[in-house]
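The values are calculated or read from the model by the stated rules, or taken from the named source; none is laboratory data. The structure displayed is predicted, hence computed values, not measured ones. Reconstructed Cβ throughout: ideal geometry from the backbone, glycine too, with neighbour counts over all protein chains shown. In case anyone asks, the SASA skips ligands and DNA or RNA and just uses the protein heavy atoms, side chains included. Shrake-Rupley method; radii C 1.70, N 1.55, O 1.52, S 1.80 Å.
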Amino acid sequence: MPKASDTLWDLAIAEVEKRENPDNDDDVKPGEVWEKSILFMGNKTGGKTTIILRCLEREESPKPTLALEYTFGRRARRHNTPKDVAHFWELGGGTSLVELIRIPITSHNIRSFAVVLVLDLSKPNELWTTMESLLQVTRSHVNKILTKLEKTNPEVAAEIKQRMWNNLQRDHPDYALVDPFPIPLVIIGSKYDIFHELDSEMRKIISKTLRFVSHYYGASLVFTSKSEALLLKARALINHLAFGYDKSKSVSVDPSKPLFIPAGLDSMSQIGPPPASDSDLGKMHANTPLELWKKVFEKTFPPKSFCDLQDTKDPAQDNQYTEYEVDVMRAQKNQELEQYKRNASKSWKEMDFDSD
């Protein structure tokens, strides 16, 4: 309730904050519009664009994401009500462009921001490296924003930190063992159709590891593919983040089937210990449970020594972006550059350097 002493400016600020941070449908008054933002990131060619298009019900063929792309969706909560808005950001390039996350995630929208991490289940040797790199940089950036907010708006910072624990009740047996991600997180294991063809023991290790990581970070986990039924499950989790749709309470933890575990509905006792022998576990030195699971996982799936930057294609060479006049000018400049290099090389060779 507004106080009599509130100025018009106070009321306006309260209104904006209310719109940016509706905790549930009951907090949003009829006629109000809320806005949410979601950043999709993960493996290159992992299916991020396909998932976004399916969530927005767009019949388009996905194209490679070059760097950071933006689109949005609108949904009406009820009949004859204004449509809520969800901003969808997609980070391309795997881990090579992770610093671009600073563009969409800001102190102005941090209260209404969420992250969807898409991991390619058909590439287990890239899985942990991709996940670790992207989540570490994102978490570091979000924590810097929270540190600033603690000085400028401590109430908002405290609210965000408290909300991290909303999915885990205080009486949950794992309350002291987890380290929730500072903003809502969904982990999607894509290309389940290819993953399902892997050896059953390999599938078990990947599934258990992702269950642990998701539970440790307080995240939801879902496996998906191009199958309509699986895409609908992923879409349900994303729509909960984007438009406040009801959160699914169903759970599927059978390793022989696609996993579907909403945040807070798993436990360490159900997941079990890392998939390694007692003797192997005894030889591994780790400071945290996460580090132990990493060592066990990478023992079976050694990380590839690859550099995303080397794999990134030059957009200027991509046929879908050809423009005759620009390409002609670029070719001319390339010739001029090569000529400059040749002339510079000759002049350097001809120089007489003083030995003193």
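So which chymotrypsin sites (Phe, Trp or Tyr not before Pro) in segment 223-282 pass both tests, a DSSP loop state and at most 13 other Cβ atoms within 10 Å of the Cβ? All intermediate terms of the calculation are to be shown ahead of the outcome.
Values: sites: 223, 243, 245, 260; in loops: 245.
When the chymotrypsin sites (Phe, Trp or Tyr not before Pro) of segment 223-282 are filtered for loop state and at most 13 Cβ neighbours within 10 Å, nothing remains.
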- Query: Based on the Cβ-Cβ distance of residue 291 and residue 151, what FRET efficiency does E = 1/(1 + (r/R0)^6) give at R0 = 35 Å, to the nearest 0.05?
  - Reply: 0.65
- Run the accessible area of segment 75-199 with a 1.4 Å probe and give the carbon-and-sulfur part as a rounded percent. 52 percent
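When you count, for each residue, the other Cβ atoms within 10 Å and take the mean per peptide, how do 146-158, 292-304 rank with the highest first?
On the way: 146-158: 13.6, 292-304: 17.2.
Per-residue mean Cβ counts within 10 Å order the peptides as 292-304, 146-158.
Can you give me the accessible area per residue for segment 206-264, using a 1.4 Å probe, in Å²?
On the way: 2100 Å² over 59 residues.
I get 36 Å² per residue for segment 206-264.
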- Item | Accessible area of segment 52-126 divided out per residue, in Å², using a probe of 1.4 angstrom | 47 Å²
- Task: Ignoring everything but the protein chains, give the 1.4 Å probe accessible area of residue 172 in square angstrom, nearest 10.
- Result: 30 Å²
- Message: Over all directions, how big on average is the projection of the convex hull of the alpha-carbon atoms in segment 184-308, in square nanometres?
- Response: 9.2 nm²
- In terms of the alpha carbon gyration tensor, root eigenvalues a ≥ b ≥ c, rounded if a/c is under 1.5 and otherwise prolate when a/b exceeds b/c or oblate, segment 116-174 is oblate
- Task: Please find the FRET efficiency linking residue 99 to residue 299, where r is the Cβ-Cβ separation and R0 is fixed at 25 Å, and quote it to the nearest 0.05.
- Result: 0.25
- With each pseudo-label sitting 7 Å past Cα toward Cβ, what's the residue 158-residue 332 distance in nm, one decimal? 6.4 nm
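For a 22 Å ceiling on Cα separation, which of these pairs sit above it: 44/123; 233/299; 233/257; 208/295; 233/295? Intermediate values should be presented prior to the final figure.
Working: 44/123 11 Å; 233/299 31 Å; 233/257 13 Å; 208/295 14 Å; 233/295 31 Å.
Over 22 Å apart, Cα to Cα: 233/299; 233/295.
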- Item | Cα→Cβ-extended label distance, 7 Å offset, between residue 125 and residue 171, nm | 4.9 nm
